[in-house]
1. Using the charge dipole of region B:30-79 (Lys, Arg: +1 at Cβ; Asp, Glu: -1 at Cβ; taken about the Cα centre), state which of B:T72, B:L62, B:A31 has its Cα farthest towards the positive end.
2. Taking the Cα centre of the protein assembly as shown as origin and charging only Cβ (+1 Lys, Arg; -1 Asp, Glu), how large is the dipole, in debye to the nearest 20?
3. How far is helix B:116-125 tilted off the main Cα axis of chain B, in degrees rounded to 10, range 0 to 90?
4. Any chance you could tell me what percent of the C-alpha pair distances in chain A go past 32 Å?
5. Using a simple spin-label model with points 7 Å from Cα along the Cα→Cβ vector, what separation in nm is obtained for B:E30 and A:V98?
6. Whole Å is fine, so just give me how far the alpha carbon centre of region B:64-143 lies from that of region A:53-128.
7. Roughly how big is chain B's charge dipole about its Cα centre, with Cβ charges of +1 (Lys, Arg) and -1 (Asp, Glu), in debye to the nearest 20?
8. Summarise the long-distance tail of P(r) for region B:113-250 by giving the % of C-alpha pairs beyond 28 Å.
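Bear in mind that the values in this text are calculations on the coordinates, not laboratory data. Keep in mind it's a predicted model, so treat the numbers as computed, not measured. Note that we place each Cβ from the backbone using ideal geometry, even for glycine, and neighbour counts take in every protein chain shown.
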2 protein chains.
Amino acid sequence: MSAAIQADTHPFVRKIETVALFDLSLAEREALSTLPVQVTRFDAHQDVVKEFDRPTRCFAVLSGLAATYKTTPEGRRQVMAYHVPGDVPDFQSLHLEVLDFSISAVTDLSIGFVPHGALRTMFEDHPRLAGAFWRTTLIEGSLAREWALNNSRREAYPRMAHLFCELMVRLDAVGLVQEDSFALPLTQYELGDALGITSVHVNRVLKELRDSGLITLSGGRLTVHDVAALRTVAEFDPTYLHLRRNDSRR
Amino acid sequence: MSAAIQADTHPFVRKIETVALFDLSLAEREALSTLPVQVTRFDAHQDVVKEFDRPTRCFAVLSGLAATYKTTPEGRRQVMAYHVPGDVPDFQSLHLEVLDFSISAVTDLSIGFVPHGALRTMFEDHPRLAGAFWRTTLIEGSLAREWALNNSRREAYPRMAHLFCELMVRLDAVGLVQEDSFALPLTQYELGDALGITSVHVNRVLKELRDSGLITLSGGRLTVHDVAALRTVAEFDPTYLHLRRNDSRR
DNA sequence: CGTCGCTTTGATGCGTCTCAAGCTTCGTGG
DNA sequence: CCACGAAGCTTGAGACGCATCAAAGCGACG
């Protein structure tokens, strides 16, 4: 998955511009773009942060794909969310001392770390920005609930369709979808971790979706042949993503 | 379920006192306790707010039990969280225009509504309080993720044990547990809605838990006979609840 | 004292898991 | 440039967990 965030724009400015319900003032834009960012690369399959960590900084995904996941003590793994470029997935560490999930690099990853202290200072001076970031964390909660519904109340076939619909909309919103096709660098085993099924069953369901003519997935790229039909199968309603108007072309 | 919130304390003061990581200043306490509250009663099974609503106020549960739930368009219902007295379950409406879930009264319910405007004014004057309420919404997100893990990665028997462990800890934190026993006014059908299984299967799992000597559930009251064993079965680790020290006696 | 909602139990079927084996792809070293 | 190994994909057979359908028991309340 290639970088989609312009190098000349501070990632937090980008994020807030796409999420906030107001236009940034000059002072706010200045405060955001002078936040200190430490850029770090991670290899695929590395953990960026781990459950029970006590982070002292938040981070934005600059390029690549990241995944929030939890595991039962018994070792069963569940991916809770994927993070696309521009996302700030561990903002909760600013207000909750200990992390209740891990975040790993699905692909090679470029990450921008911002110290908690700088964020707190910024929020004191610019309370509207605090509200905007609060909003981003609420949207993440909304995604978590939709995943809980999807994974416990839909069978594997519509469940997978739903995941593909969500990813398409979210990747499209950051310009990573071309002609109903986007990079999806997940193994079938990893897809199973997200959907709560085994890789064997992922394979069979994928075959069904392929045979229905809805999608093809190969070479780490998903192509949707019939967006409307896929949405119908998935019962997909994007309300829970809380996108603003025109964030998505679909 | 009887009221546990003292009538003479403003519910929002109560909530923040149990959640915030700092001691309230006099001004902050004053601001909270002068928030206008409109108390309203709901009968069991009524909806307090519905998915796609655009609320203009938040509310605190004063007494009774409430449930956040979503349904698929096909009609399958999933409870995402239970709310005990003191909780403020729809705080996200302050920052997200349209609700992505419904909240219903499980039992008869007493609710205190507070207008968004009053909250926004308070947050402008007292930014630390905004941080404290932000924290409460993050904790809800954490619960949603744990439920997603529980419902998709544990089988019905440990899954139910996990739900009981969570409810016991959270109800204990608000003083509603006596001698490892608490009110649990849910039908087996409703338990199925929370656990993602049918009421028939709830009945069989409940029987197993009873036969194991772990619990009894009758007359709307759950008694845990062996807390340690129930936790072991459930692989229960309360970290995700983000309680502060001494919030729970267990 | 009959009715209605809830609980309990049985029989059968479906969705997904588990185990197992063969196949494809691709990167690496000879 | 080919051989090989490792990782991932594909497919089959049988087992298991939970759903579904159905019916009978129980308890509370008018």
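1. Comparing the listed Cα positions along the dipole, B:T72 ranks first.
2. Result for the protein assembly as shown is approximately 440 debye, rounded to the nearest 20.
3. 70 degrees
4. In whole percent, the long-distance tail amounts to 20.
5. 3.8 nm
6. Each part's Cα centre sits 23 Å from the other's.
7. That gives chain B a dipole magnitude of about 280 debye.
8. 27 percent
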